[in-house]
Amino acid sequence: MIEHSDGRTLKTTRTSLEILTLILEHDGLTLAQLDGMIESPKSSILSHLNTLCDCRYLVKSDGTYHVSFRVALLGETVRSRYPSRERVRTVLEELAETTGEEANFTIFEHGRLLLFHGTSGNAATEEDEADYRSEYYLHNTAAGKAILSELDPDRVERILDKWGLPRESEATITDRERLFETLEAAADRGYGVVDEEFAPGLVAVGATVHRDDGTVLGGLSVGGPKYRVDRTRIDQELGDQLLDAVGALESTLQS
């Protein structure tokens, strides 16, 4: 949940983690492949690989490095700190079925949103392949706007300083003053709205999901193509359906 660091950071540690992330994202890489991705001498990359293997975070097979099962075990330990998938799935599938649109639950961490679980409209299909791999900015996502609207302005500024306001579509808001205006509107409504700011043709609404102690856990969002999701439907239907789903999810998390 911390968006900034007050202490000194180590470039070597950052490089090791970058290598680990790349290997995970590509489901295995060789030293030669990493040499074209990392801005370090090949000998230095090899030293990082050897260290990660020695610490059992990587395994090597026929010259290709893979993330070890030990990392998966660590991940399972982390999962215990978050809601059970079954509880989240139940709420999301009901929201998706009710609205006929895609619904997602994301975890708020280090100023970004990480996909926890999603369903897709009437099909209500599970997106396990994307779990913990898809990350989103806050400024151009509906749940992200809702979360930002609840945070202290200084904390919002730190998040924006760290991640910026990258343009991901023509409609993405890249001006801080204009963003803060939309955050005020989100705070008044109780949910955030993005109108093609994340992707062309996509409109979504999102709201904050809280832990028992009132702190931000993540965000719940629902949305679809602009020809089905307009502001009238948001104001008269989707907004209330979303907030009802948030209430149901928070209630089940407290039980």
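The values are calculated or read from the model by the stated rules, or taken from the named source; none is laboratory data. This is a predicted model, so every value here is computed, not measured. Every residue, glycine among them, receives a Cβ derived from its backbone with ideal geometry; neighbour counts consider all protein chains shown. Surface accessibility is based on the protein's heavy atoms, side chains included, excluding ligands, DNA and RNA. Shrake-Rupley method; radii C 1.70, N 1.55, O 1.52, S 1.80 Å.
Brief remarks follow.
- Some residue of segment 165-178 being in contact with a Gly (Cβ under 6 Å, 6 or more places away or on another chain), farther than 16 Å from Thr99 by Cα and either open to solvent by 20 Å² or more (accessible area, probe 1.4 Å) or in a strand (DSSP E or B) (or both): no
- Which listed residue, of Thr64, Thr13, is modelled with pLDDT of 95 or more and open to solvent by less than 90 Å² (accessible area, probe 1.4 Å): Thr64
- In segment 180-209, the residues that are surrounded by fewer than 19 Cβ atoms within 10 Å (Cβ to Cβ) and among the aliphatic types (A, V, I, L, M): Ala185, Ala187, Ala199
- Cβ pairs under 7 Å, 6+ apart, first in segment 71-92 and of a type outside the set (Val, Ile, Thr), second assigned to a helix (DSSP H, G or I): Pro83/Leu253; Arg87/Thr252; Arg87/Leu253
- Strands (runs of 3 or more DSSP E) (entirely within segment 192-242) containing at least 3 residues that are not hydrophobic (A, V, I, L, M, F, W, C): 202-210, 216-225
Yes or no, residue by residue, for (1) open to solvent by less than 70 Å² (accessible area, probe 1.4 Å); (2) out of contact with any helix residue (DSSP H, G or I) (no Cβ under 6 Å at 6 or more places or on another chain):
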site	(1), (2)
Asp212	no, no
Gly218	yes, yes
Lys226	no, yes
Gln236	no, yes
Gly239	yes, yes
Gly247	yes, yes
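- Criterion (over 30 Å from Ala72 (Cβ atoms) and either over 17 Å from the mean Cα position of the chain (by Cα) or acidic (Asp, Glu) (or both)) met by exactly one of Gly192, Gly224, Gly164: Gly224
- Single residue of segment 96-118 satisfying the filter (open to solvent by 10 Å² or more (accessible area, probe 1.4 Å) and out of contact with any strand residue (DSSP E or B) (no Cβ under 8 Å at 6 or more places or on another chain)) that is nearest to Asp244 (Cα to Cα): Thr98
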